[in-house]
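The next block holds one structure in the form of structure tokens; read it before the comments.
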Amino acid sequence: MTTQTAGTDLLGRDFLSLADLSPDQLRCLLDRAAQLKEWQAEGQPHPLLSGLSLAMLFEKASLRTRTTFMVGMSQLGGFAVDLMNEHTQIGVRESIPDIARNLERWVDALMARVYAHSTLEELAAWADIPVINGLSDLTHPCQALADLLTVREHLGNLAGRRLAYVGDGFNVCNSLLFGGALTGMNVRVASPVGYEPDDDILERAQEIAEDGGGSIEIGNDPAAAVEGAEVVYTDAWVSMGLEDEAAQRREVFASYRVDDDMMSVAAPNAVFLHCLPAHRGEEVTDAVLDGPQSVVFDQAENRLHTQKALLVATMRGDAAFDELGA
Ligand code: CP
Ligand code: NVA
């Protein structure tokens, strides 16, 4: 069974950044996700979103985010509609405010995957329903929820754990910094010079870490970051939208590949995480991705459970969980 905590208090709220949550809210959300995971495994129905609907807008490709939000809504008794951007053509066929003011009349929440983070902020400003960040060029908070649940499951707790992120200081890394800071982890990042995490994100994450007993260090040496780490994490060298930089990035990042040698300096019990999709032979070798320390498919599964918790928290609130005795 999972630990009981106070509520998430997220009813009606947008979820654009993990930094909008307090440590207690985040812990509660992870506890709710673990509860939903148990119910799903036991075959206990949990139609907490019966009659409610989610619109999903994707400016970029997706396997995990699209499938887990859609299946999650179904398991919760609700409905998800994929807006398919070739039809919506956000900002081209119709303005962002107009799209937002239509959607709020039909659906109960909107999840969007976008290029510019400002698109999410504009949608949230105009739509009087919760808007959920399904990835922007700045952050990927839904991914970080799944990452944290996965680490907690495998290592038992988060506070004080040593996490090394090796690679591009982009959206996934930025949200992981917030996640690590909120849960009191000790996070070390190693990125090539010029590819470090966003300055504003880093500043905010460091403030949160100081408040919560965690720490964040940014450097350029992968071996130094990974030494003794209990979690080793990497992401694509060429994120969606950066394809024009692919050749240059493959050169710059060549020494940032997570391979057996790199894993050998981590703690013996270290787990390997990757948000996926993986580019085998680039940021990670087959041997690590398919090896005994890899928990990437547990991590992918946890996208489902953590997002279900988020959907219930934002669309129905904490009272919904009380109905089923959570
Ligand atoms: N990790 C992740 O967000 O996967 P997708 O891009 O497939 O949604
Ligand atoms: N950083 C990657 C994450 C994909 C889930 C990208 O933005 O393409």
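For the condition within 22 Å of Asn102 (Cα to Cα), open to solvent by less than 50 Å² (accessible area, probe 1.4 Å) and within 16 Å of ligand 2 (Cβ to nearest atom), Met73 does not qualify. In the set (1) part of a strand (DSSP E or B); (2) surrounded by fewer than 21 Cβ atoms within 10 Å (Cβ to Cβ), Ala61 fails one condition alone, (1). Residues considered: Ala223, Ala254. Of these, the only one that is away from ligand 2 (no atom under 12 Å from the Cβ), hydrophobic (A, V, I, L, M, F, W, C), over 27 Å from Arg303 (Cβ atoms) and free of Cβ contacts under 8 Å to residues at least 40 places away in the same chain is Ala254.
Glu245: buried (at least 17 other Cβ atoms within 10 Å of the Cβ), within 16 Å of ligand 2 (Cβ to nearest atom), free of Cβ contacts under 8 Å to residues at least 40 places away in the same chain and under 27 Å from Val288 (Cα atoms), yes or no? The answer is no for Glu245. Just wondering, is there one or more residues in region 22-34 that are without any contact (Cβ under 8 Å) to a residue 60 or more places away in the chain and open to solvent by 50 Å² or more (accessible area, probe 1.4 Å)? Checking region 22-34: at least one residue is without any contact (Cβ under 8 Å) to a residue 60 or more places away in the chain and open to solvent by 50 Å² or more (accessible area, probe 1.4 Å).
Residues in region 76-115 that are within 16 Å of ligand 1 (Cβ to nearest atom), outside any strand (DSSP E or B) and open to solvent by less than 60 Å² (accessible area, probe 1.4 Å): Leu83, Asn85, Val114.
Filtering region 36-52 to residues that are in a helix (DSSP H, G or I) and either aromatic (Phe, Trp, Tyr) or surrounded by fewer than 20 Cβ atoms within 10 Å (Cβ to Cβ) (or both) leaves Glu38, Trp39, Gln40, Ala41, Glu42.
The values are calculated or read from the model by the stated rules, or taken from the named source; none is laboratory data. What you are looking at is a predicted structure, and each value in this text was computed from that prediction instead of being measured. Cβ atoms come from the backbone with ideal geometry, glycine included; neighbour counts cover every protein chain shown. Protein only, heavy atoms only, side chains kept; ligands, DNA and RNA dropped before computing areas. Shrake-Rupley method; radii C 1.70, N 1.55, O 1.52, S 1.80 Å.
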